[in-house]
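I have placed the structure first, in the form of structure tokens, so that the comments after it can refer back to it.
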Amino acid sequence: MVRPEWIGPWTFYGPQAARGITIVKVIASSVRKGNVLEIDDRLYVVLVAVSFHPGKGTPTTQIDMRRISDGVKVSQRYKTTEQVERAMVEDREHQFLYQDGEGFHFMSSENYDQITLQADLIGDQAAYLQPEMKVMLSVHEGNAVAIVLPQKVTLEIVETEPVTKGQTASSSYKPAMLSNGVRTNIPPFIGPGTRVVVMTEDGSYVERAKE
């Protein structure tokens, strides 16, 4: 399916469109990680996009990108309302296989083709990848440019800090370490060895896992 994340005025045009690539115009502040931008007839995948709104001066958006053709990283700063050129991508289901020195390897659920993502595209989400996990990859011209993990994942608590005096389950949480090395906060009654459900977006505790 095609991502429907179009924000602001847009038009179809340009040499990429002539090659069958749809290019749209969006404002810089709407750009997100995983988007593909066209700059000077070259395609770049967005790694980080941050908008700044100073008390005085013009609001700007800083975009860190990687050129798809050769992997070169560049940074650009735009006015938040300035238009940039974005290519559309498709979301396709893949299964995570393994990680090695070349990157993170996935297999298509449709045709079993394998595809590799570099670590900088996955970022902190790498900690939540598990063998055979089903994920959605954003694919552009055969290149994986972004990943969407399941919203929740089950992990084991391997370490917790002692409960402070007077602490109750309803009043506060305590720090803990998950089996993937991520720190989170859990209810005081949960101890090491307990499997819990957490959000992959930020590692926050949801509930005790149902065995």
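Remark: accessible surface ordering of Val153, Val182 (largest first) is Val182, Val153, probe radius 1.4 Å.
On a per residue basis, the convex hull of the C-alpha atoms belonging to the chain measures out at 172 Å³.
Proximity of backbone amide H atoms, modeled 1.01 Å from N, is registered between Val89 and Arg3 at under 5 Å, excluding neighbours fewer than 5 places apart on the same chain. Note that the chain presents 56 Å² accessible area per residue, ligands and nucleic acids not counted, probe 1.4 Å. Counted over all Cα-Cα pairs of the stretch 43-116, pairs farther apart than 17 Å make up 62 percent. Each label was represented as a point 7 Å from its Cα along the Cα-to-Cβ direction; for Gln130 and Gln62 these points are 3.6 nm apart. Put +1 on the Cβ of each Lys and Arg and -1 on the Cβ of each Asp and Glu in the chain; which of Thr194, Leu121, Thr60 then has its Cα farthest toward the positive end of the dipole? It is Thr60.
Structural size metrics of the stretch 115-211, computed from C-alpha coordinates, are Rg and Dmax of 16.0, 58 Å. Between Phe189 and Asp100, take the C-beta separation as r, use R0 = 35 Å, and let me know the FRET efficiency to the nearest 0.05. Taking R0 as 35 Å, the efficiency between Phe189 and Asp100 is 0.30. A protection proxy built from the mean count of other Cβ atoms within 10 Å ranks the segments 128-134, 67-73, most packed first, as 128-134, 67-73. For the chain, the fraction of 1.4 Å probe accessible surface lying on carbon and sulfur atoms is 49 percent. Under 5 Å from the amide H of Leu43 lie the amide H atoms of Ile68, Ser69, each residue being 5 or more positions distant or on a separate chain, with H modelled from the backbone and absent for Pro and chain starts. Computed over the alpha-carbon pairs of the stretch 59-183, the distance histogram in 10 Å steps reads 10, 31, 26, 19, 11, 2 percent, short to long.
The values are calculated or read from the model by the stated rules, or taken from the named source; none is laboratory data. The structure displayed is predicted, hence computed values, not measured ones. So basically every Cβ, Gly included, is an ideal-geometry build from the backbone, and we count neighbours across all protein chains shown. Keep in mind that these areas ignore ligands, DNA and RNA; they rest on the heavy atoms of the full protein, side chains included. Shrake-Rupley method; radii C 1.70, N 1.55, O 1.52, S 1.80 Å.
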